[in-house]
Amino acid sequence: MTLGNSLLVPFKLNFTILIIFLHYLLATASLCRNYCNNIPINYPFGIDDGCGAPQFRRMLNCSATDLFFLTPSGSYKVQTIDYNKKTVVLFDPSMSTCSILQPHHDFVMTDIQSAIIPPSPDTVFVLMNCSIDSPVLNHYRSLCFNFSGHSCDELYASCTSFKLFHILSNTTPPCCFTTYGTVKFMSMNILDCTHYTSVYNVDALKGVGPLDWLYGIKLSYSLPDLGCVRCAKSGGTCGFDVETEAFVCICSPTNNATRDCGGAINGGKSYGAPNSLLGVFVLFLRAIFSL
Ligand SMILES: *[C@@H]1O[C@H](CO)[C@@H](O)[C@H](O)[C@H]1NC(C)=O
Ligand SMILES: *[C@@H]1O[C@H](CO)[C@@H](O)[C@H](O)[C@H]1NC(C)=O
Ligand SMILES: *[C@@H]1O[C@H](CO)[C@@H](O)[C@H](O)[C@H]1NC(C)=O
Ligand SMILES: *[C@@H]1O[C@H](CO)[C@@H](O)[C@H](O)[C@H]1NC(C)=O
């Protein structure tokens, strides 16, 4: 009896700690969701207001099935986010590709987006079926280039979708590989091209035919350093005050800090009430290892 009770006490204690831990975990998770379907959402991004960096506020929208990047020209499906390379790959469902021809649609970003998360240098915009009056065939012809041994005309010959231009006009209409800068400063109407597509990772496409290119837009972001590393190390989630946009380290549903969640790190003797997820986690691990 006595033996049974003394075995039961640590079990009950551990069980209580486990419950507290799960409670904190779920509550923190609900404040700042860190997944949208299968895409991890980490700093500087956030899908709940007040989470992530304020500069990236309202750029992402998580629907039941997909994650979208919002710009003034529309919602673009996020394919992947690479937090090490700091890149986001988007796909515009209304853009043409090698297999489908769709009417053009401008790709427009806000000034903030163009500054902190612009298309990467290895993303090429392809302007197709341009009129002979197009600026990129005249005054701005120097904005067009060939990449990795590929010329733009190759697309008219290789892609089922773009062959149509050739068939309809019986000539090869002008076309241009250019950078985001061109599209940013001249809208599709000024450029006078009826269709566009975009290709990313172009540096890796030497000797690869257009059928196998990667169609989409790769964005490359810079990370504002607002002390997030310190907050994250202490077990907090980086966020901001929704009114002032000042940095907030979200420690638990009931506790926000201005810098970090304090306590429980660096072996500090904080055996008081755990005030952070990490603190609870450390207690949880201690409880397991003391079994
Ligand atoms: C902590 O900050 C987040 C993000 O701004 C906010 O949603 C939450 O209500 C704050 N919690 C407390 C307890 O102040
Ligand atoms: C975000 O998605 C939700 C649901 O999918 C939708 O109701 C809402 O209008 C979208 N917000 C924006 C800003 O597009
Ligand atoms: C190509 O552009 C011309 C005008 O420059 C337009 O009349 C024609 O319809 C376009 N072709 C396609 C397939 O949209
Ligand atoms: C790109 O390649 C094509 C075909 O090889 C060539 O005719 C064209 O002059 C090249 N354009 C540029 C800008 O180098």
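The values are calculated or read from the model by the stated rules, or taken from the named source; none is laboratory data. All of these numbers come straight from a predicted model, not from anything done at the bench. Cβ coordinates were reconstructed from backbone atoms using ideal geometry, including for glycine residues, and neighbour counts include every protein chain displayed.
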**Asked** Looking at region 217-233, which of the residues that are within 28 Å of residue 109 (Cα to Cα) and modelled with pLDDT under 95 is surrounded by the fewest Cβ atoms within 10 Å (Cβ to Cβ)?
**Response** 225
**Asked** In region 47-95, what residues are away from ligand 3 (no atom under 16 Å from the Cβ) and of a type in the set (A, V, I, L, M)?
**Response** 47, 53, 59, 60, 64, 67, 70, 78, 81, 88, 89, 90
**Complete:** With criteria (1) surrounded by fewer than 20 Cβ atoms within 10 Å (Cβ to Cβ); (2) within 16 Å of ligand 3 (Cβ to nearest atom); (3) of a type in the set (Ser, Thr, Tyr); (4) under 30 Å from the mean Cα position of the chain (by Cα), residue 196 comes up short on (1)
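Would you confirm, using the coordinates I've provided, whether residue 160 is without any contact (Cβ under 8 Å) to a residue 24 or more places away in the chain, surrounded by fewer than 18 Cβ atoms within 10 Å (Cβ to Cβ) and part of a loop (DSSP other than H, G, I, E, B)? Spell out the reasoning first.
On the way: without any contact (Cβ under 8 Å) to a residue 24 or more places away in the chain: no; surrounded by fewer than 18 Cβ atoms within 10 Å (Cβ to Cβ): yes; part of a loop (DSSP other than H, G, I, E, B): yes.
No: the conditions fail for residue 160.
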**Item:** Top-ranked residue of region 111-138 - restricted to ones that are touching a strand residue (DSSP E or B) at 6+ places or on another chain (Cβ under 7 Å) and part of a loop (DSSP other than H, G, I, E, B), ranked as surrounded by the most Cβ atoms within 10 Å (Cβ to Cβ)
**Value:** 117
**Request:** Being among the charged types (D, E, K, R) and within 28 Å of the chain's Cα centre (by Cα) is the filter here, so list the residues in region 112-144 that pass it.
**Result:** 122
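Looking only at residues in region 139-157 that are closer than 15 Å to residue 192 by Cα and within 13 Å of ligand 4 (Cβ to nearest atom), which one is surrounded by the fewest Cβ atoms within 10 Å (Cβ to Cβ)?
Taking region 139-157 as the starting set, the residues that turn out to be closer than 15 Å to residue 192 by Cα are 139-141, 143-144.
Those left that are additionally within 13 Å of ligand 4 (Cβ to nearest atom): 140-141, 143-144.
Working: 140: 16, 141: 12, 143: 18, 144: 20.
By that ranking, first place goes to 141.
Would you call residue 290 modelled with pLDDT under 90, loosely packed, with under 15 Cβ neighbours inside 10 Å, over 24 Å from residue 51 (Cβ atoms) and not assigned by TED's automatic domain parsing to the domain that holds residue 122?
Values: modelled with pLDDT under 90: yes; loosely packed, with under 15 Cβ neighbours inside 10 Å: yes; over 24 Å from residue 51 (Cβ atoms): yes; not assigned by TED's automatic domain parsing to the domain that holds residue 122: yes.
Yes: the conditions hold for residue 290.
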**Item:** Single residue of region 40-71 satisfying the filter (in contact (Cβ under 8 Å) with a residue 40 or more places away in the chain and at positive phi) that is surrounded by the most Cβ atoms within 10 Å (Cβ to Cβ)
**Value:** 52
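State whether the residues of region 61-82 include one that is in a loop (DSSP other than H, G, I, E, B) and away from ligand 2 (no atom under 16 Å from the Cβ).
Let us first name the residues in region 61-82 that are in a loop (DSSP other than H, G, I, E, B), namely 63-66, 72-73.
Then keep just the ones that are away from ligand 2 (no atom under 16 Å from the Cβ); that gives none.
There is no residue in region 61-82 that is in a loop (DSSP other than H, G, I, E, B) and away from ligand 2 (no atom under 16 Å from the Cβ).
Residue by residue through region 83-97, note down the ones that are among the aliphatic types (A, V, I, L, M) and either within 16 Å of ligand 1 (Cβ to nearest atom) or not in a loop (DSSP other than H, G, I, E, B) (or both). Before you say what the answer is, go through the steps one by one.
Keep residues of region 83-97 that are among the aliphatic types (A, V, I, L, M), which gives 88-90, 95.
If the condition is that a residue be among the aliphatic types (A, V, I, L, M) and either within 16 Å of ligand 1 (Cβ to nearest atom) or not in a loop (DSSP other than H, G, I, E, B) (or both), then 88, 89, 90 are the ones that fit.
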